[in-house]
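Some notes on the structure that comes next.
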Amino acid sequence: MLAEELVLKQRTKILHALCSSGSAEHLERVLDILLAQGALIWEDYQNIQVPGRTLYTNARQLLDLVYTKGVDTCGLFLHALKLVLPEAQAVGLSFSESCSNLEENDERQSTSNQTLLAQRPSLVHKLQGCVDGVLEALLDSGHFSSADCDEVRLPIYTPTQQARRLLDHVRSRGDLAASVLLQYIHQKQEPGLPLNQRELTPPKEFLKYQKKLSSSVSAQACFLSTYGGTSHMSLDDIYTDGELELAEVNAHGPLGLEDIVGLAGIVNEEADTVLVSGEAGSGKSTLLQRLHLLWARGLALQDFLLLFPFSCRRLNSEHNELSVQELLFQHCCWPDRNQEEIFQFILDHPHQILFTFDGLDELKQSFTDEHRVCCPTQRAPVHVLLFNLIQGSLMKGVQKVVTSRSEAVSPLLKKHLRKEVVLKGFSPAGIDCFVRKHHRDPTVAAKVLESMQANTALLGLCHSPVLCWIVSQCHKELLGCGEGSPKTITDVYLMILQHFLQHQSPLKSTMGLGWLQEHLKTVLLLGQLAFEGIRSTCYIFSGTDLEACGVTEKDICMVFLIKSKDMSSTHSKCYEFSHVTLQCFFAALFIVLSSNTNRSVIPKLFELENMRETGLTRVCFGACLPSSDQQQQASEKESKAAETPNLQITAMFVSGLLSQRHQNLWLHCCPSAAVEKKARQVAKCLSKGIQKHFRSIPQPVQGEKKSMHAMPDFVWLIKCLYEMQESQIAKDAMSKLEVDHLKLTYCNIGPVECTALAYVLQHLRNPVGLQLDNNSVGDVGVEQLLPCMHICNSLYLRNNNITDEGIRKLIAKVIQCDSFQKIALFNNKLTDACMQDFSYLLKTKQVFISLRLGNNNITAEGATQLAEGLKVNQTLAYLGLWGNRIGDAGTEALASSLEKSNSLVWLSLVGNGVGSAGACALANLIRKSTSLQELWLTENCITRTGVECLIQALKHNTYVTSVWLRNNDLSLEDVEEMKQLESRLIF
Ligand SMILES: Nc1ncnc2c1ncn2[C@@H]1O[C@H](COP(=O)(O)OP(=O)(O)OP(=O)(O)O)[C@@H](O)[C@H]1O
């Protein structure tokens, strides 16, 4: 089919692929490529990217334009789309076959400005992380004013958008400005080295080696192991982008895969190691696998000639001392010839080599920087090599990407990081996309999605890719379970247990609860294997390990165990659980079902916190094994013992499995008295753990509120309480908490944690302020919090990815909650669309005192709607709209409504384009207000005229204590003069 026809026929699909994520990034990347190709000219670009228009309208404009430009442009467009959205093919989009040259168009480079266009895609990439540097250079060279810089830096832009706005501005300033930018980038890339010297000519043997390495990386990366036992699922078919953010919050917006090694968010220029952290099952290994595959196919990370992938889980089984050379060649890819030459080339070009280490938390040894190894030919234990590579004392300059669970990252490791990015799992759009990829039949996909949407607790769980996978895999069970739809993590894992066990004997219909009894032996065997592994940080099992536990071929066929992938062919056949969380689940099943575990196993499992403090975690848990097992006891002493995050997950499953709701399951599998006893033990441990946490809260300083800053273990404990689903236990545990303010900032709170929080906080006796700043609550999390809103008097949700949709539901709830008085929502994704809801809140709740909506996307229209609510409200004391775009019109609307307020004491409109007209409107407010004390107008393009209005008004007002006017359009002389006239003005 002709490219033109393809564009026309697939219009809806293309629009969906480009816009459904809600982010403009895909469209902008396509535009970058088309501009670089010359397929669009600058004027076309401006006609498409009209500010303020919706994303869909811009995308439609582009489609209209490429269609009218004819077949060649359509072909280029489809190829650009394929580059930007390789996954789109998997959802049914076809791309034309004829491919014009997609290289950046270097031929057109005659002026610097043309180079800016021709190299736009790579410049956007290279500019990330150095936008500030370029702006400074342009400011110094006089090509940019500080207002230009501010416009580029607007916090509503993502890092890539900032880069594009910078390029657009530079273009309008002419060729000299463009050359300043290009020079800066070149300097940054290779300081001191002229461009033409950066080329290298790898020796022939090296190129052969590169080919061999990339084909084995590709072979290893193309399938996903969780699907190993059931169906082969290619990564291309199922990979769905997860949400990636810089750990340093507020610095940038969402990141793409290549940004992991890009310039955005570098905190330590000297370091070469990037950490990708995230919760269990958030998709860290899969993300690395995707990067490996894209590199091997030449689609990403092309600055790296070689990529060496390592799995820390597999490195655990390397007991020999190795040199780096041996590590690379033996564990990744063996060079057929000229080993030394190839290794020398690697040493000479460290900047073009990338190592990835998956699952640092699974390494038997904890990170330390005690043993130094600097020489690449010196042999050392593998973990010592790894730690030296991470620190950069060995093979400095080689880039490393390391993944780890967030909880397992020590401050010592952080010291050596170039940056940390956090993988937060799937966004709501990601869940949708994943389910549609998993179920190619759109009717089935729609039904699965519908049942997820109908159960928000389950939807919350599905933000975790591993849970989304299970739920999708078990869709038949899910669709058939009606009211009893799963709501805890344990429910979801029980569902997959039943799914695979029943798969095993499809003919014998094991109705009711008999399915577990029928397979009890297998469950116990796998459980013991899992349990032994968890307590000794062992995730790979040899044939001998399996035999020792009595696991047979038949048990292996069950799909819970899969063959372990290994790049080196030297190792014999090994097995691992299809995901480590499944291993934790089996370990928990073993603890619940076995009569063979020590009585103290449950108390020890829940005393992790105490043990961690005394450094005893691992040893203590190891000692819980049956005391007769002498051999195990001996080997225990040598190996590193269990890893806390997996023990915590196991403990959470134990809580869930021992819940009353599931006790019927165990009836015919073990004595009820034993199960009940274990359940009592868990309840006691949880209660004790929570009480201990509460006792650690310091007494408040006189005059201050009593505040508790929750530690990560608090989140774990309340998740266990939620898994138990016994409200009396939750009530007993929580009723003794007496604080005014509960702070859970930077605690990895996502929707799942919100469900647990709401479940336990409902039982508090007195209202609290709930501070959840800098987490990943999102709209689904907000919905999960609703059941505890009646006990909250204030809610702080700064930087939590919340949109208008979440706010709509939140406000519908809080207007019914008598004590709710304050809300802070800085740095979210709010637009004018939710201002009506806030307006309604202000009209309805005459106890509401503080509304802070800084750094969202609110314009004059939203401010005008808010003003409607302010007209009738007589309680609001604090109103913060810092960093929005309300402009002079929005300011006028607000000011005139606030004239009637006798409660407002603090108003911030910092960085809103208020201008002098807006300042004059605020002057009227000052004249009339008898309550306002502080007015913040920093960075608002206010000129002398505006300030003069304010000065006149202040003459009639004695209540205002300060008006902040820093960074406005005033000369130094103006500032000096006005300071003299009015001392309450702060410049
Ligand atoms: N981006 C993704 N697209 C599709 N499926 C995914 C994605 N990420 C994860 N999954 C699914 O979830 C499973 C678990 O993900 P993964 O093993 O990558 O998590 P992890 O963060 O490395 O977990 P852990 O910390 O426990 O090792 C995968 O095997 C896969 O089935």
Exercise for the section: Go through Ser908, Ser929, Ser897 for me and flag whichever is buried (at least 18 other Cβ atoms within 10 Å of the Cβ) and in contact with a Phe, Trp or Tyr (Cβ under 6 Å, 6 or more places away or on another chain). Expected result: Ser908
Practice task
List every residue pair whose Cβ atoms sit under 7 Å apart, with the two residues 6 or more apart in sequence or on different chains, where the first one lies in the stretch 58-69 and is in the same structural domain as Asp44 (by TED's automatic domain parsing) and the second, anywhere, is surrounded by fewer than 18 Cβ atoms within 10 Å (Cβ to Cβ).
Solution key: Asn58/Gln49; Asn58/Val50; Ala59/Leu15; Arg60/Leu15; Gln61/Asn47; Leu63/Arg11; Tyr67/Leu8
Exercise for the section: Name every residue in the stretch 540-557 that is surrounded by 19 or more Cβ atoms within 10 Å (Cβ to Cβ) and outside any helix (DSSP H, G or I), in order of residue number. Expected result: Ile540, Phe541, Val551
Exercise for the section: Check whether at least one residue in the stretch 189-208 is within 16 Å of the ligand (Cβ to nearest atom), modelled with pLDDT of 80 or more and assigned by TED's automatic domain parsing to the domain that holds Gly281, and report yes or no. Expected result: no
Fill in the blank from the handout: Per the filter on the stretch 1-28, residues in contact with a Leu (Cβ under 8 Å, 6 or more places away or on another chain), buried (at least 18 other Cβ atoms within 10 Å of the Cβ) and assigned to a helix (DSSP H, G or I) are Ala3, Leu6, Val7, Ile14, Ala17, Leu18, Cys19, His26, Leu27
Completion exercise
Filtering the stretch 799-832 down to residues that are of a type in the set (Lys, Arg) and at pLDDT below 95 yields Lys829
Practice task
Could you list all residues from the stretch 407-424 that are within 11 Å of the ligand (Cβ to nearest atom) and within 23 Å of Val384 (Cβ to Cβ)?
Solution key: Ala408
Exercise for the section: Can you confirm whether the stretch 54-65 contains a residue that is in a loop (DSSP other than H, G, I, E, B) and more than 30 Å from the chain's Cα centre (by Cα)? Expected result: no
Handout entry: strands (runs of 3 or more DSSP E) contained in the stretch 247-358 and holding at least 1 residues within 16 Å of the ligand (Cβ to nearest atom) and of a type in the set (Phe, Trp, Tyr)
Key = 306-311, 353-358
Problem - Residue in the stretch 386-408 that is touching a Cys at 6+ places or on another chain (Cβ under 8 Å), farther than 23 Å from Leu213 by Cβ and polar (S, T, N, Q) present - result: yes
Exercise for the section: Could you tell me which residue of the stretch 868-892 is nearest to Thr938 (Cα to Cα), considering only residues that are small (Gly, Ala, Ser) and buried (at least 22 other Cβ atoms within 10 Å of the Cβ)? Expected result: Gly883
Handout entry: Scope the stretch 425-457; condition assigned to a loop (DSSP other than H, G, I, E, B) and within 15 Å of the ligand (Cβ to nearest atom); matching residues
Key = Gly425, Phe426, Ser427, His439, Arg440
Exercise for the section: Take the stretch 488-521 and flag every residue that is modelled with pLDDT of 90 or more and among the hydroxyl-bearing types (Ser, Thr, Tyr). Expected result: Thr488, Thr490, Tyr493
Practice task
For the stretch 443-462, state whether one or more residues are under 26 Å from the mean Cα position of the chain (by Cα) and within 28 Å of Trp295 (Cβ to Cβ).
Solution key: no
Handout entry: Cβ-Cβ under 8 Å pairs, at least 6 apart or on other chains, the stretch 109-131 side touching a residue at least 60 places away in the same chain (Cβ under 8 Å) and closer than 14 Å to Ala264 by Cα, far side surrounded by fewer than 20 Cβ atoms within 10 Å (Cβ to Cβ) and basic (Lys, Arg)
Key = Lys126/Lys188; Cys130/Lys188
Practice task
For residues that are near the ligand (Cβ under 7 Å from one of its atoms) and not hydroxyl-bearing (Ser, Thr, Tyr), scanning just the stretch 221-242, find the one that is modelled with the lowest pLDDT.
Solution key: Leu224
Handout entry: Among residues of the stretch 155-188, those that are under 30 Å from Asn828 (Cβ atoms) and in contact with a helix residue (DSSP H, G or I) (Cβ under 8 Å, 6 or more places away or on another chain), counted
Key = 12
Practice task
Please work out which one of (1) modelled with pLDDT under 85; (2) of a type in the set (Ser, Thr, Tyr); (3) surrounded by 14 or more Cβ atoms within 10 Å (Cβ to Cβ) is the condition Ser98 fails and give its number.
Solution key: (3)
Practice task
Tell me, yes or no, whether the stretch 588-605 has at least one residue that is within 16 Å of the ligand (Cβ to nearest atom) and either crowded, with 16+ Cβ neighbours inside 10 Å or at pLDDT below 50 (or both).
Solution key: yes
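The values are calculated or read from the model by the stated rules, or taken from the named source; none is laboratory data. Treat the numbers as computed from the prediction; the structure is a model and nothing was measured. So basically every Cβ, Gly included, is an ideal-geometry build from the backbone, and we count neighbours across all protein chains shown.
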